[in-house]
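Chemist: I have a structure I would like to understand better, so I am pasting it below and will then ask my questions one at a time.
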Amino acid sequence: MDTRLRWQKIGRTDVRPVVRVGLLASYTIDPLVPHLGVALHDAGLPVAFDTAPYNQIVRQCLDDTSEMARVKPDVLVVAPRFEELGDELLTAVDAAVSAARRWGSFLVVVLPAVPEDRAYGQLDDGRAAGTAATAHEARETIRAELAGRPDAWVVDAERAVRAVGTAKAHHAAMFKFAKIPYTEAVFGELGGQLAGVLRAVHGLTPRLVVVESGAGLEEPARWLRESGARIVVRAEGEEVADVAAREGVPVESAVLLTLGEAAAGSAPVLRLGGKPAGWRDEVTRSGLLDRLPAPDRTAPRVRHSTRETVSLDDFMAGLNVEVDLEPVGPDSAAKVVEVVSRAKDFTLGTEKLDLTEDREVFAVRVRDKFGQYGISGAVGITGGTVVDVFSLSCVVLGKGVEDVVLQRLRAEHGDLVFRHRATPHNQITAGFLTDAGARIEEIP
Amino acid sequence: MTFTDVVAGALDVDPAHVTDDAGQDTLSSWTSMRHIQLIVMLEEAYSLSFDYEEIAGARTVREVREVLRAKGVEV
């Protein structure tokens, strides 16, 4: 909770972001923002976020007119899950690699966690075609393709889920309500992982670790040395700034590792607790182990995907989206009213739908290769010529459903007028109708 | 932190605006994402979790309060 309030507070300051981070996920990833934002702010890297609608990774990456394509973020974070994407997961990652290259973005892929639901129950782990085997193979394919690239990195949702514990990692009600699969604790872990990568990428991990002489910190010093840090033992009474100057390192790139209350001057300090058993965790949490490897000119050439990046048209066609418009009946009335009231992004501005009014109302049902979405939208036509209800659930956006509905309406009703009321959130609806050449009647 | 503080913090409004009648229709900052933020913060503040119907149904401060009271929280 404190993280969320702090992020709101940071948002009210006039700190100018120096890095734009784009977030694409197959689920609603917005809860990550405060955790990553605060961690980077505290690290001296103010960031701004652009979050695309959920489950539009491929479209956002391949469509040069997409929201994310227009932003061209400095850092593109892509978080796919098997649960939403199935065997299209590698397609999504390929599209992200392609987009990051075109946009000049540093790419961070969140390796998806192995799904909890196993196709073969307790015997799944031993099956070559089981959920676990398939997931691990895809995860390692992604890691192998991105490891060693100078412009990409991976973090791991599986590690975040494990850190929290499976029983506390998922939020079924929030997933049903807003497609948020994870609890705050998981987003906190993911934020920590991502912040570590971005701190290292932007050179914010202290290069020099100054250790107190005779403090018994040989083991933590060894961990840090193995991670790539330069370790220097300071003489008694020596200032950290003097050590840094002697080593040719700016004092802000030095950190003092100590057990006690030793003075560090202006340099940051990592004070370890009194119990050595907790030191490893403290050092890990400090971020001092988060270092990019030195460039290795003898390393084998980066292994790139041999798969062809799918085109946007091929991807959309492969979804096999089917859209039905059916008159609202007693069975569908309640659901249609709910969908209209909950649609915030794709809507003509209709807040409530009154089915007793004199208007033809159609329920929009959608299904594609991933499954049935049920009633996912509604269209209302008044007087045979004015569309004053056109709402779609976020679940089906980015699949071309709006295009299909518009084509059907035009085919069956001819030239229609769309009565549109601007709200703080429905700009994409006006944009879609304008691009489609629809006649729009703006109302206050 | 009081109930009013949590709601005001989550919705980013002055605590004076957190009246029982305030809701998604009256507070412009009570967007769908803020609603999620509110739910998450209430879950943390009171160490409980909401089910789908409770999340979807609580559209005013009064309704949020009623959901919490039904769970034994005195607010």
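Here, each number is a calculation from the coordinates, and none is a lab measurement. Values in this document were obtained by computation on a predicted structure and should not be read as measured data. Using ideal geometry, Cβ is built from the backbone for each residue, glycine included, and neighbour counts are taken over all protein chains shown.
Chemist: Out of the DSSP beta bridges found with both residues in chain A, what percent are antiparallel (nearest 5)?
Modeler: Given both bridge residues lie in chain A, the antiparallel proportion sits at roughly 40 percent.
Chemist: Still on this structure, please answer the following. In percent, what relative contact order does the range B:3-71 have, based on Cα pairs under 8 Å that are 6 or more apart in sequence?
Modeler: Result for the range B:3-71 is 35 percent.
Chemist: As an exercise, identify the trypsin sites (Lys or Arg not before Pro) in the range A:168-223 lying in DSSP coil whose Cβ has no more than 15 other Cβ atoms within 10 Å.
Modeler: Of the trypsin sites (Lys or Arg not before Pro), not one in the loops of the range A:168-223 has a Cβ with at most 15 other Cβ atoms within 10 Å.
Chemist: Convex hull over the alpha-carbon atoms of the range A:208-286: what's its volume per residue in Å³?
Modeler: Hull volume normalised by residue count: 82 Å³.
Chemist: Starting with the fewest neighbours, write out A:GLU308, B:GLU54, A:GLU158 ranked by other beta-carbon atoms found within 10 Å of each beta-carbon.
Modeler: Fewest-to-most ranking of A:GLU308, B:GLU54, A:GLU158: A:GLU308, A:GLU158, B:GLU54.
Chemist: Could you tell me how many degrees, from 0 to 90 and to the nearest 10, lie between the Cα long axis of helix A:218-227 and the main elongation axis, the longest principal axis, of the Cα atoms of chain A?
Modeler: Taking the Cα atoms of chain A, the angle to A:218-227 is about 50 degrees.
Chemist: Over the range A:319-442, consider all pairs of different Cα atoms and compute the Kirkwood hydrodynamic radius from their mean reciprocal separation; express it in Å, one decimal.
Modeler: For the range A:319-442, inverting the mean 1/r across all distinct Cα pairs yields 14.3 Å.
Chemist: Which net charge results for the neighbourhood of A:PRO80, defined as the other residues with beta-carbon distances under 14 angstrom from its beta-carbon, given Lys and Arg at +1 and Asp and Glu at -1?
Modeler: Once all neighbours under 14 Å are counted, the net charge is -3.
Chemist: Roughly how tilted is helix A:89-103, in degrees to the nearest 10 and between 0 and 90, from the longest Cα axis of chain A?
Modeler: Around 70 degrees separate the two axes.
Chemist: With 10 angstrom as the radius, rank A:LEU5, B:LEU11, A:LEU319 by how many other C-beta atoms surround their C-beta, starting from the fewest.
Modeler: By the 10 Å Cβ count, ascending, the order reads A:LEU319, A:LEU5, B:LEU11.
Chemist: For chain A, take the longest principal axis of its alpha carbons; what is the angle in degrees between that and the long axis of helix A:401-413, to the nearest 10 within 0 to 90?
Modeler: So the helix axis and the longest Cα principal axis differ by about 10 degrees.
Chemist: What shape does the range A:87-149 take by its C-alpha gyration tensor, where a ≥ b ≥ c are the square roots of the eigenvalues and a/c under 1.5 counts as rounded, a/b above b/c as prolate, and the rest as oblate?
Modeler: Since a/c reaches 1.5 and a/b is larger than b/c, the shape of the range A:87-149 is classed as prolate.
Chemist: Given H placed 1.01 Å from N in the peptide plane, which residues other than close sequence neighbours of A:VAL108 have an amide H under 5 Å from its amide H?
Modeler: A:LEU76, A:VAL77, A:VAL78, A:TRP153
Chemist: Do any of A:LYS179/A:LYS399; A:LYS176/A:LYS335; A:LYS168/A:LYS352; A:LYS179/A:LYS344 go past 25 Å between their Cα atoms, and which?
Modeler: A:LYS168/A:LYS352
Chemist: Follow-up. Other chains near B:32-45: what is the mean number of their Cβ atoms within 10 Å of each residue's Cβ?
Modeler: Mean partner shielding for this stretch: 5.
Chemist: Additional query: In Å and from the alpha-carbon atoms only, list the Rg and Dmax of the protein assembly as shown.
Modeler: Cα-based Rg and Dmax for the protein assembly as shown come out at 26.0, 88 Å.
Chemist: Among A:THR347, B:THR2, A:THR65, what is the fewest-to-most ranking by other Cβ atoms within 10 Å?
Modeler: Least crowded to most crowded, the residues run A:THR65, B:THR2, A:THR347.
Chemist: Mean separation of Cα pairs under 8 Å and 6+ residues apart, divided by the residue count of chain A: what relative contact order is that in percent?
Modeler: 10 percent
Chemist: Give the span of the range A:2-201's Cα atoms along each principal axis, as three whole-Å numbers ordered largest to smallest.
Modeler: Result, largest extent first: 55, 37, 31 Å.
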